[in-house]
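Below is one structure, written out as structure tokens, with a few remarks after it.
Since every read-out is calculated from the coordinates, none of them should be taken as a lab result. Values in this document were obtained by computation on a predicted structure and should not be read as measured data. With ideal geometry, Cβ positions are generated from the backbone for all residues, glycine too; neighbour counts draw on all protein chains shown.
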Amino acid sequence: MISRLYIDEKVKDEPAALTIQERLHTIPATVVTDASRVHEALADSTDPVAQGKRVLFLTRNRGPFLRKCPGTRSYICCGYHILNIGTYCTMDCTYCILQAYFHPPVLQYFVNQEQLYNELDHLFSLKKPPFYRVGTGEFTDSLIWEPWTELSKTLIPYFASQDRIVLELKTKTSAVGNLKCITHNKKTIVAWSLNPPSIIRSEEHGTASLKARLAAAAQCEAWGYPLAFHFDPLIIYKDWENDYRQLVRELFATVSSKNIVWISLGSFRFMPSLKQIIRKRFPKSKIIYGEFIPGLDNKMRYFKPLRIEIYKKMVAWIKELAPDVVVYFCMEDEEVWKETMGFVPKDRGGLPKMLDDSAARFR
């Protein structure tokens with residue numbers, strides 16, 4: 001997938017940079033002193049978003065590796081912590097917000113990992129509540145980097161060494177080979193974003209098939225990892241009801257609900273600026289032509305009664321087969337929770353506590 005490799009001059013001697021360069025030895029590496037040189041690689045492209053998925057820039061994270069999820073005012077946040085290992089993605093989902101988020105978009109991997117582990121050491125040393133949930137899948141897919149970095153082989157044992165913080169690796173790939181034979185002590189949760197096969201084919205280009213994702217989940221379950229699943233984005237289309245119901249059935253026919261830490265639900269939402277990008281890059285996609293209105297966060301969202309309808313059905317299908325699995329909404333308001341679940345998170349101590357308690361069951 002990678003056609004060009006650039007290395008920030010300031011990090012060219014970092015161990016991670018040297019390792020990645022060795023693994024990508026067939027690709028000429030260019031050391032640069034200015035990131036603008038990397039961006040020039042996309043200047044003549046008719047589709048910089050797609051071209052940037054093949055340009056890898058090894059650089060340093062100039063900010064903190066760990067930070068709280070910013071959430072969105074007026075919507076209930078899960079209290080997640082982001083571990084920012086890199087940005088952008090090799091896959092090409094039509095709805096991906098990263099298309100509009102990075103200008104210009106290129107794959108960046110942060111190799112100043114001494115700082116990363118120093119920040120984790122500080123977090124581990126606190127030795128006090130609250131329970132922390134940390135994930136690497138906010139600005140990228142957690143496992144696309146594995147062929148070049150094998151980060152999981154050091155990161156997973158690092159989390160395994162303590163008892164209060166869990167790592168969630170969220171992916172649309174089936175790249176779990178490096179997770180075998182790693183001591184994880186159930187402190188790493190391997191998670192998949194799921195959609196029906198028809199949506200994967202039409203909207204999630206370059207991702208693993210549903211069959212491959214579920215097979216990878218079953219393999220991780222066999223290796224003792226706790227699992228999680230994210231039905232996000234849920235997309236409303238002609239056959240959505242039959243397709244999503246079948247998807248739920250396939251999930252629980254493949255893995256045991258006893259090994260699922262949580263399942264999240266989130267409907268398709270997008271910044272207004274993303275609409276034109278999708279229209280230009282994916283003219284055959286119809287997902288932007290639904291019944292959308294501006295939400296409280298200025299993102300376009302399905303009309304609330306439509307969201308409540310799909311959520312109610314998804315929750316019912318899940319609970320029918322897995323009544324004890326924790327199900328939650330990503331960025332929804334109290335009305336949606338009350339209408340769909342019959343309660344709001346604050347009635348149960350808040351959403352962060354609900355998820356913390358579920359993760360703690362696997363300690």
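The set of residues from the range 266-323 being touching a residue at least 60 places away in the same chain (Cβ under 8 Å) and β-branched (V, I, T) comprises I277, I278, I287, I310, I318.
Among the residues making up the range 72-98, those that are outside any loop (DSSP other than H, G, I, E, B), more than 22 Å from Y117 (Cα to Cα) and in contact (Cβ under 8 Å) with a residue 60 or more places away in the chain are I76, D92, C93. Would the range 75-86 turn up any residue that is in contact with a strand residue (DSSP E or B) (Cβ under 8 Å, 6 or more places away or on another chain), within 18 Å of S3 (Cβ to Cβ) and surrounded by 13 or more Cβ atoms within 10 Å (Cβ to Cβ)? Yes, because at least one residue in the range 75-86 is in contact with a strand residue (DSSP E or B) (Cβ under 8 Å, 6 or more places away or on another chain), within 18 Å of S3 (Cβ to Cβ) and surrounded by 13 or more Cβ atoms within 10 Å (Cβ to Cβ).
So, in the range 127-165, exactly how many residues are in a helix (DSSP H, G or I) and under 26 Å from I97 (Cα atoms)? Give the steps one after another, and end with the answer.
Just the residues of the range 127-165 that are in a helix (DSSP H, G or I), to begin with: 146-149, 152-160.
Among the residues that remain, those that are also under 26 Å from I97 (Cα atoms) are: 146-149, 152.
Residues that pass the stated criteria total 5.
Taking the criterion of being within 24 Å of the chain's Cα centre (by Cα) and either of a type in the set (A, V, I, L, M, F, W, C) or surrounded by 16 or more Cβ atoms within 10 Å (Cβ to Cβ) (or both), the residues of the range 120-132 that qualify are L120, L123, F124, F131, Y132.
Among what's in the range 113-135 and is of a type in the set (K, R) and touching a residue at least 24 places away in the same chain (Cβ under 8 Å), pick the residue that is nearest to D356 (Cα to Cα).
We begin by selecting, within the range 113-135, every residue of a type in the set (K, R); these are 127-128, 133.
From what's left, touching a residue at least 24 places away in the same chain (Cβ under 8 Å): 127, 133.
Numbers: K127: 15, R133: 7 Å.
Restricting to residues being of a type in the set (K, R) and touching a residue at least 24 places away in the same chain (Cβ under 8 Å), the top hit is R133.
Comparison of T188, T173 shows that the only residue that is polar (S, T, N, Q), touching a residue at least 40 places away in the same chain (Cβ under 8 Å) and either surrounded by fewer than 18 Cβ atoms within 10 Å (Cβ to Cβ) or closer than 26 Å to C69 by Cβ (or both) is T173. Within the range 284-315, being loosely packed, with under 12 Cβ neighbours inside 10 Å and closer than 20 Å to A50 by Cα holds for one residue alone: K284.
E168 - would you say it is assigned to a loop (DSSP other than H, G, I, E, B), in contact (Cβ under 8 Å) with a residue 60 or more places away in the chain and of a type in the set (D, E, K, R)?
Numbers: assigned to a loop (DSSP other than H, G, I, E, B): no; in contact (Cβ under 8 Å) with a residue 60 or more places away in the chain: yes; of a type in the set (D, E, K, R): yes.
Considered against the rule, which asks whether it is assigned to a loop (DSSP other than H, G, I, E, B), in contact (Cβ under 8 Å) with a residue 60 or more places away in the chain and of a type in the set (D, E, K, R), E168 comes out as no.
If you go through the range 245-283 and keep only what is surrounded by 15 or more Cβ atoms within 10 Å (Cβ to Cβ), aliphatic (A, V, I, L, M) and either over 22 Å from the mean Cα position of the chain (by Cα) or part of a helix (DSSP H, G or I) (or both), you end up with L247, V248, L251, L274, I277, I278.
The set of residues in the range 191-220 that are in a strand (DSSP E or B) and surrounded by 20 or more Cβ atoms within 10 Å (Cβ to Cβ) comprises A191, W192, S193, E204.
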